[in-house]
Amino acid sequence: MANPDTPGEDFVDPAPLNTLAVVGLVGFLVVGVGSLFALPAIQSLTGLGFFPVFWSIVALNFVCAVGVGLSVLNLRG
């Protein structure tokens, strides 16, 4: 198939999206962003202080960031 932008060059269709990577990307983003707003709720439900809940959320967001990175790397693979 010819590329309409540059005549004379072939256009290569990109690989289809990996469905599992898209689901993982959306899931990790939802959990990561949702946890940022959940600090007061978790603190009141568990009765823990600010810093134990804060560091738990930091650890969860780190896991989500790694998951987003891996999902992006596998998006077209």
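Of all residues in region 52-75, which are touching a helix residue (DSSP H, G or I) at 6+ places or on another chain (Cβ under 8 Å) and farther than 29 Å from THR19 by Cα?
Within region 52-75, VAL53, PHE54, SER56 meet the criteria.
Which ones in region 54-70 are touching a Leu at 6+ places or on another chain (Cβ under 9 Å) and small (Gly, Ala, Ser)?
SER56, GLY67 - these are the residues of region 54-70 that are touching a Leu at 6+ places or on another chain (Cβ under 9 Å) and small (Gly, Ala, Ser).
Just to be sure, is GLY49 in contact with a helix residue (DSSP H, G or I) (Cβ under 9 Å, 6 or more places away or on another chain), within 18 Å of ARG76 (Cβ to Cβ) and at pLDDT 90 or above? So that I can check it myself, show each step before the final result.
On the way: in contact with a helix residue (DSSP H, G or I) (Cβ under 9 Å, 6 or more places away or on another chain): yes; within 18 Å of ARG76 (Cβ to Cβ): no; at pLDDT 90 or above: yes.
Answer is no for this residue.
Pick from region 17-64 the residues that are free of Cβ contacts under 8 Å to residues at least 40 places away in the same chain and not in a helix (DSSP H, G or I): which of them is surrounded by the fewest Cβ atoms within 10 Å (Cβ to Cβ)?
GLY47
The values are calculated or read from the model by the stated rules, or taken from the named source; none is laboratory data. Because the structure is a prediction, the values reported are computed rather than measured. Every residue, glycine among them, receives a Cβ derived from its backbone with ideal geometry; neighbour counts consider all protein chains shown.
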